1. B:Pro252: assigned to a loop (DSSP other than H, G, I, E, B) and open to solvent by less than 10 Å² (accessible area, probe 1.4 Å), yes or no?
2. Which residues, taken from segment A:132-143, are surrounded by fewer than 22 Cβ atoms within 10 Å (Cβ to Cβ) and away from chain B (no Cβ under 14 Å)?
3. Can you work out which of the residues in segment B:164-178 that are touching a residue at least 24 places away in the same chain (Cβ under 8 Å) and closer than 13 Å to B:Asp274 by Cα is farthest from the other protein chains (Cβ to nearest Cβ)?
4. Among residues belonging to segment B:107-117 that are on the phi < 0 side of the Ramachandran plot and open to solvent by less than 20 Å² (accessible area, probe 1.4 Å), point out the one that is farthest from the other protein chains (Cβ to nearest Cβ).
5. Restrict the check to segment A:17-24 and report whether at least one residue is away from chain B (no Cβ under 14 Å) and assigned to a loop (DSSP other than H, G, I, E, B).
6. Being open to solvent by 40 Å² or more (accessible area, probe 1.4 Å) and either more than 9 Å from every other protein chain (Cβ to nearest Cβ) or under 19 Å from the mean Cα position of the chain (by Cα) (or both) is the filter here, so list the residues in segment B:89-106 that pass it.
7. Among the residues of segment B:54-88, which ones are open to solvent by less than 20 Å² (accessible area, probe 1.4 Å) and closer than 24 Å to B:Ala17 by Cβ?
8. Can you pull out the helices (runs of 4 or more DSSP H) entirely within segment B:147-227 that have at least 3 residues that are more than 15 Å from the chain's Cα centre (by Cα), within 24 Å of B:Gly116 (Cα to Cα) and in the same structural domain as B:Leu36 (by TED's automatic domain parsing)?
There are 2 protein chains.
Amino acid sequence: METIRIARVMQDAVLKARGRSIGFVPTMGALHEGHLSLVRTARAENDLVVVSIFVNPLQFGPSEDLQRYPRDLEGDMEKLQALEVDYLFLPEPEGMYPQGFCTFVEVQGLSERLCGAFRPGHFRGVATVVLKLFEIVQPTRAYFGQKDYQQSLIVRRMVEDLNLPLQVVVCPTVREPDGLAMSSRNLYLSPQERRAAPILYKALLKGQEALLRGQRQPHRIRELMHQVLRSEPLVGEVQYASAYDPYTLEEPPVLRGSALLAVAAFIGRTRLIDNLLIDGLK
Amino acid sequence: METIRIARVMQDAVLKARGRSIGFVPTMGALHEGHLSLVRTARAENDLVVVSIFVNPLQFGPSEDLQRYPRDLEGDMEKLQALEVDYLFLPEPEGMYPQGFCTFVEVQGLSERLCGAFRPGHFRGVATVVLKLFEIVQPTRAYFGQKDYQQSLIVRRMVEDLNLPLQVVVCPTVREPDGLAMSSRNLYLSPQERRAAPILYKALLKGQEALLRGQRQPHRIRELMHQVLRSEPLVGEVQYASAYDPYTLEEPPVLRGSALLAVAAFIGRTRLIDNLLIDGLK
């Protein structure tokens, strides 16, 4: 595995690979089994695999956890080496956003809903850095986790709207045995909070159960999911928890065809998100 | 010359050309000698030449001239054929902006100055369509005219900020014998207005003369340029006319190193722009 820190050097490396397919997994590091499942899929489907680790300051709000975001470069590199990654792209913030930087990519509408309503500017930061990384790595396929469903939807929309010549692949959420979706932010949880955290998944399962029982009114599902969340004393603010149209991320009057069950809530000081996509609703 | 109307078909065509350099000239058609000089330069510097003709609705304001913008596809095709262009990309608005389109590229700061102050959203529309065209055509080099100086500055900034793997080439403004900068919009001018139109260039020359005489205060140059413009009765609103920092597009207290003399003014109902870049100021 070759580690590259400079955008231009990365571009030259992939330029030399012309004709070979490139699988790309953009990450913020602190790699867990969710990331590694993306890397394995990328490895199976492409000639070359590039992973980036970049804790992107542009997608953090001023009161968010940029400074304390978990970092474990040594552990990450060992894991990627073992999966036979070809290139690790490891840029510095100053290289990605030099003085005078002033260009931003915005996916309007989708970026303002769900997490976007609570994290203004977050998805603008995501879209901008993902486009930059795509330009640097020139992937054939880029891999994202379904755990960040809204992010993957926004990236897909950007790729389509801007005619980017690549394929977005969204891979299933990887869960701990007790159902908690894997996330680098799970490292923030105290042992007690960690035991409480699967409540998000339980709320999703309650929503799924209602859907499968025939419930089609989002506000009824929302009530059920909030009930489950309120049953756990360590749950703080619930930012959202309901059933949404998976394309618009809005609560429709009546669910049809498919539904996104999604939740964002604090366990102690840690904000966690999770979702389930339910297809084939009659 | 092959004419292509579908983005995906265009992408496939350039994909096949891998390894060969691609020169790209994006235009809105009604081609004049200014455009053709870009095409000739692209022809001389690249293996393949792609020209696009697309009157981009996203860069026109609601009260602007989108509907009456000059169109001459047959004449344009003859000219491009004669210059041995390989591909003409001729998309439809519905193909470029299908239903649900919601992704925009914004170069902040630069886009709000000069023309941007009078045409809100214009440069967002320009940046967005130029990025889309770059993704579709995958050029090695893209050619722009200095007549649209602010546009070329914004495109350069976007290319740098987003790590686009291509070179932006800015070619000199081509002028009529009386100094009028070539522009498709010159076709709007009545014979009488056409005779008055070189007043923009005369105002620039007056500013240049002052600079070369040692004048370094923008507000003095602004006064001189406005004096020249006011001497012509057919000049209507003068949107701006002064000396600017060529990198920030702002009037500095004192000019140093280089200056952009730039003007936007109406001749009758027609809005015209022009500029001169003066280097090597002591």
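The values are calculated or read from the model by the stated rules, or taken from the named source; none is laboratory data. Since this is a predicted model, take the numbers as computed values, not measurements. Note that each Cβ is placed from the backbone with ideal geometry, even for glycine, and that neighbours are counted across all protein chains shown. Surface accessibility is based on the protein's heavy atoms, side chains included, excluding ligands, DNA and RNA. Shrake-Rupley method; radii C 1.70, N 1.55, O 1.52, S 1.80 Å.
1. Working: assigned to a loop (DSSP other than H, G, I, E, B): yes; open to solvent by less than 10 Å² (accessible area, probe 1.4 Å): no.
When the stated conditions are applied, B:Pro252 does not pass them.
2. Residue satisfying the conditions is A:Arg141 alone.
3. By that ranking, first place goes to B:Arg175.
4. Just the residues of segment B:107-117 that are on the phi < 0 side of the Ramachandran plot, to begin with: B:107-108, B:110-113, B:115-117.
Among the residues that remain, those that are also open to solvent by less than 20 Å² (accessible area, probe 1.4 Å) are: B:107, B:110-111, B:115-116.
Numbers: B:Val107: 5, B:Leu110: 7, B:Ser111: 9, B:Cys115: 17, B:Gly116: 13 Å.
Out of the qualifying residues, it is B:Cys115.
5. Taking every residue of segment A:17-24 in turn, none turns out to be away from chain B (no Cβ under 14 Å) and assigned to a loop (DSSP other than H, G, I, E, B).
6. Residues satisfying the conditions are B:Glu92, B:Pro93, B:Glu94, B:Gly95, B:Gln99, B:Glu106.
7. Within segment B:54-88, B:Phe54, B:Asp76, B:Leu80, B:Val85, B:Leu88 qualify.
8. Qualifying helices (runs of 4 or more DSSP H): B:149-161.
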